[in-house]
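Data block below; observations after.
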Amino acid sequence: MSKFITFEGVDGAGKSTHLAWFAEALRQRGLDVVVTREPGGTPLGEQLREILLHQPMSIGTETLLMFAARLEHVEQVIKPALGAGKWVISDRFSDASFAYQGGGRGMDWDKLRQLEQWVHPDLQPDLTLFFDVPVEVARKRLRMSDRAGTNNTSLDRFEQEQSDFFERVRAGYHKRVQQNPHRYVVIDAAQSLETVKDKLQEVISAI
Ligand code: TYD
């Protein structure tokens, strides 16, 4: 039976590295796995991603574009793949809008709920892996990544935010987890890569 799994966490938590490993481990078990991401996942969504990550805009515009890209993603990619019996793993989904636009930028939580209800009323991830890490650890990892270079010019609009923004993002994620605990596995991403992999192996065995 198909499953929809999402990966979430603040920038620098390490989720993308773990996602690649997780998808490969599922494929090795013979599953047909589609890996995708947000914002993005469709040709239009990837164009919107480019704008969202680099173009200054109001919070409302940012929120609506995130959900516009998501609507396209749900209809063109996620639902068809699930309908064909595939497993879909998405690097971020609506939890990121609650955490970044809601927590980080202060967008009204009820407005986000309305958009969620509009864009995917009958779809939620079967499972969300939330990579939780203290903000200072995540910031350090981001600074050390090649992309950051020496003067951070290659960081995108979100990555350039300060620590207090990421504290609010992290709190936004925690609020989401509290509101719907059964959907999440919270992973302590401050641990070593090997320890996190062991945890992911347990998750795979359980599902
Ligand atoms: P990210 O997933 O971290 O990709 P990369 O690893 O390539 O940097 O980048 C996407 C950014 O978009 C991230 O900073 C979070 C942000 N974002 C939102 O603010 N709201 C959303 O709804 C989504 C999906 C992402």
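The values are calculated or read from the model by the stated rules, or taken from the named source; none is laboratory data. Since the structure is predicted, the reported quantities are computational estimates derived from the model, not experimental observations. With ideal geometry, Cβ positions are generated from the backbone for all residues, glycine too; neighbour counts draw on all protein chains shown. Surface areas here come from the heavy atoms of the whole protein model, side chains and all, with no ligands, DNA or RNA. Shrake-Rupley method; radii C 1.70, N 1.55, O 1.52, S 1.80 Å.
Among residues of region 12-35 that are assigned to a helix (DSSP H, G or I), those with a Cβ under 6 angstrom from a residue that is open to solvent by less than 20 Å² (accessible area, probe 1.4 Å) and not aliphatic (A, V, I, L, M), sequence gap 6+ or separate chain, pair up as K15/F7; K15/G9; K15/F131; L19/F7.
Is at least one residue of region 67-85 under 15 Å from the mean Cα position of the chain (by Cα) and not in a helix (DSSP H, G or I)? Reasoning before the result, please.
As a first pass, look at region 67-85 and keep what is under 15 Å from the mean Cα position of the chain (by Cα): 67, 69-70, 73-74, 78.
Then drop every residue that is not not in a helix (DSSP H, G or I), which leaves none.
Checking region 67-85: not a single residue is under 15 Å from the mean Cα position of the chain (by Cα) and not in a helix (DSSP H, G or I).
Looking at S205, S145, S192, just one residue is under 30 Å from P56 (Cα atoms), more than 17 Å from the chain's Cα centre (by Cα) and open to solvent by 20 Å² or more (accessible area, probe 1.4 Å), and that residue is S145.
Any residue that is basic (K, R), surrounded by 14 or more Cβ atoms within 10 Å (Cβ to Cβ) and within 19 Å of I5 (Cβ to Cβ) - is there at least one of those in region 96-109? Within region 96-109, none of the residues are basic (K, R), surrounded by 14 or more Cβ atoms within 10 Å (Cβ to Cβ) and within 19 Å of I5 (Cβ to Cβ).
For region 153-207, the set of residues classified as under 25 Å from L52 (Cα atoms), free of Cβ contacts under 8 Å to residues at least 60 places away in the same chain and assigned to a loop (DSSP other than H, G, I, E, B) consists of T153, S154, L155, Q160, E161, Q162, listed by residue number. Candidates E116, E136: the one that is more than 17 Å from T42 (Cβ to Cβ) and more than 11 Å from the ligand (Cβ to nearest atom) is E136.
The set of residues in region 110-140 that are farther than 15 Å from R183 by Cβ, open to solvent by less than 20 Å² (accessible area, probe 1.4 Å) and part of a loop (DSSP other than H, G, I, E, B) contains only V133. Among the residues of this structure, W87 counts as one that is away from the ligand (no atom under 15 Å from the Cβ) and either modelled with pLDDT of 95 or more or surrounded by fewer than 16 Cβ atoms within 10 Å (Cβ to Cβ) (or both). When H54 is tested against (1) more than 10 Å from the ligand (Cβ to nearest atom); (2) of a type outside the set (S, T, N, Q); (3) in contact with an Asp or Glu (Cβ under 8 Å, 6 or more places away or on another chain); (4) over 22 Å from E167 (Cα atoms), only condition (4) is not met. Output the residues belonging to region 47-60 that are open to solvent by 60 Å² or more (accessible area, probe 1.4 Å) and in a helix (DSSP H, G or I). Scanning region 47-60 gives Q47, E50, I51, H54, I59. For region 19-41, the tally of residues that are more than 12 Å from the ligand (Cβ to nearest atom) and open to solvent by 10 Å² or more (accessible area, probe 1.4 Å) stands at 12. With (1) within 14 Å of the ligand (Cβ to nearest atom); (2) surrounded by fewer than 21 Cβ atoms within 10 Å (Cβ to Cβ); (3) among the hydroxyl-bearing types (S, T, Y) as the list, and S2 as the residue in question, which single condition is left unmet? Tallying (1) within 14 Å of the ligand (Cβ to nearest atom); (2) surrounded by fewer than 21 Cβ atoms within 10 Å (Cβ to Cβ); (3) among the hydroxyl-bearing types (S, T, Y), S2 fails exactly one: (1).
Candidates are the residues of region 67-79 that are open to solvent by less than 20 Å² (accessible area, probe 1.4 Å) and free of Cβ contacts under 8 Å to residues at least 40 places away in the same chain; the one that is nearest to the ligand (Cβ to nearest atom) is A69.
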